[in-house]
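*Asks:* The structure that follows is given in the form of structure tokens.
The values are calculated or read from the model by the stated rules, or taken from the named source; none is laboratory data. All values reported here derive from a predicted model rather than from experimental measurement. Virtual Cβ from ideal backbone geometry, glycine too; neighbours counted across all protein chains shown. These accessible areas exclude ligands, DNA and RNA; they are computed on the full protein's heavy atoms, side chains included. Shrake-Rupley method; radii C 1.70, N 1.55, O 1.52, S 1.80 Å.
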Amino acid sequence: MRLRIEIGVAAVCCLIGLPALGQSVAAAVKTQVVMLGTGTPYADPDRFGPATAVVVNGTPYLVDCGPGVIRRVAQAHKNGVEGLTPQKIGVLFITHLHSDHTVGYPDVIFTPAVAGRPGALEVYGPKGLDDMTSNILKAWQKDIDIRLHGLEQGNPKAYVVHPHEIRVGVVYKDANVTVTAFPVKHGTWDESWGYRFDTPDKTIVISGDTSPTDEILKECHGCDLLIHEVYSTAGLKARPSEHIEYHQRFHTSTAELAKIANEARPKELVLYHVLFWGTTPQQVLDEIKAAGYAGNVVVANDLDVF
């Protein structure tokens with residue numbers, strides 16, 4: 001007698017680790033990393049200012065806020081990242097106070113407040129963050145008064161900003177994520193930070209702007225994603241001589257990053273804030289591979305999701 005066994009589709013999906021019928025792949029993902037902006041100080045319309053979102057269980061955490069950041073948040077949501085909406089932006093980490101990383105700070109404060117953020121914005125970053133925050137709020141004081149006390153009758157809690165000037169170590173922790181700050185070397189800046197995000201299913205290290213530093217090795221050591229800035233070695237040779245020392249002191253070359261990645265061993269190396277200077281993304285990848293790195297590496301584009 002033939003034994004007939006029937007197993008439901010949902011049960012089969014569970015057994016082999018796939019989302020059940022009717023459950024989207026996106027819903028099964030706990031952590032998504034969204035490259036909101038991959039650009040540099042140069043005004044490239046295809047690459048907005050540096051900004052990255054780590055979205056965990058539908059809650060977004062921003063790192064840096066270059067020009068256009070909240071419009072990119074809205075576009076990412078439109079593209080299918082469900083947890084990333086302007087009104088959900090409540091936590092921001094800033095690597096350093098260079099303008100290309102902070103011009104969008106007023107955008108992060110005010111646009112989500114208008115869109116319906118329910119409470120305060122918590123911001124973590126280097127010395128000088130307190131002054132920057134208070135001066136932005138002063139500059140927009142008339143706008144705040146009109147939105148709160150005019151016909152709009154806005155939510156006062158949404159316009160509250162709590163800046164936190166950080167130190168080395170764990171700077172933020174909740175049910176979704178533990179965020180660790182570590183110092184990086186960015187030329188003559190007195191403070192510049194990288195961040196490690198530990199979530200239930202991923203470890204993500206974001207370099208910020210930096211020249212080569214052993215801190216990246218300590219924090220990554222086999223992390224899932226290493227998101228690192230870089231410049232083209234060939235491109236630098238075409239720069240004016242007076243700019244070469246600056247970029248060598250403030251940033252990381254493709255050859256230097258290949259060495260770092262070989263020691264840090266990320267599952268995937270993601271390049272952002274790339275200084276191409278006339279080279280192409282493929283040429284930058286070729287430079288890293290020619291320098292001896294054979295791991296997974298990609299040049300990120302705006303709105304890429306990892």
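*Asks:* Is there any pair with a first residue in the stretch 43-54 that is open to solvent by less than 10 Å² (accessible area, probe 1.4 Å) and a second that is acidic (Asp, Glu) whose Cβ atoms are under 9 Å apart and which are 6 or more apart or on different chains, and what are they?
*Replies:* Qualifying pairs under 9 Å: 49/64; 49/100; 50/64; 50/100; 50/209; 50/229; 51/64; 52/64.
*Asks:* State which residue pairs qualify: first residue under 17 Å from residue 95 (Cα atoms) and inside the stretch 210-227, second residue acidic (Asp, Glu) in any location, beta carbons under 7 Å apart, and separation of 6 or more residues or different chains.
*Replies:* 210/229; 212/256
*Asks:* Follow-up. Does any residue of the stretch 171-180 turn out to be crowded, with 16+ Cβ neighbours inside 10 Å and over 29 Å from residue 296 (Cβ atoms)?
*Replies:* no
*Asks:* Further question on the same structure: Give me the pairs: first residue in the stretch 161-185 and part of a strand (DSSP E or B), second residue among the polar types (S, T, N, Q) and surrounded by fewer than 17 Cβ atoms within 10 Å (Cβ to Cβ), beta-carbon distance under 7 Å, and six or more apart or on different chains, which are they?
*Replies:* Final answer for the pair search is 170/178.
*Asks:* Still on this structure, I have one more. In the list 180, 188, which residue meets the criterion of being hydroxyl-bearing (Ser, Thr, Tyr) and at pLDDT below 95?
*Replies:* Working: 180 fails: at pLDDT below 95.
Exactly one residue qualifies, and that residue is 188.
*Asks:* Looking only at residues in the stretch 107-141 that are of a type in the set (D, E, K, R) and open to solvent by 50 Å² or more (accessible area, probe 1.4 Å), which one is farthest from residue 189 (Cα to Cα)?
*Replies:* Among residues in the stretch 107-141 that are of a type in the set (D, E, K, R) and open to solvent by 50 Å² or more (accessible area, probe 1.4 Å), the one farthest from residue 189 (Cα to Cα) is 138.
*Asks:* Within the stretch 222-240, identify whether any single residue is touching a His at 6+ places or on another chain (Cβ under 9 Å) and farther than 27 Å from residue 180 by Cβ, and answer yes or no.
*Replies:* yes
*Asks:* Continuing with the same structure: Being in contact with a Lys or Arg (Cβ under 9 Å, 6 or more places away or on another chain) and among the polar types (S, T, N, Q): is that true of residue 262 here?
*Replies:* Taking the combined requirement at face value, the residue does not satisfy it.
*Asks:* Can you find a residue in the stretch 190-206 that is more than 25 Å from residue 88 (Cβ to Cβ), of a type outside the set (A, V, I, L, M, F, W, C) and either free of Cβ contacts under 8 Å to residues at least 60 places away in the same chain or out of contact with any Pro (no Cβ under 8 Å at 6 or more places or on another chain) (or both)?
*Replies:* Taking every residue of the stretch 190-206 in turn, none turns out to be more than 25 Å from residue 88 (Cβ to Cβ), of a type outside the set (A, V, I, L, M, F, W, C) and either free of Cβ contacts under 8 Å to residues at least 60 places away in the same chain or out of contact with any Pro (no Cβ under 8 Å at 6 or more places or on another chain) (or both).
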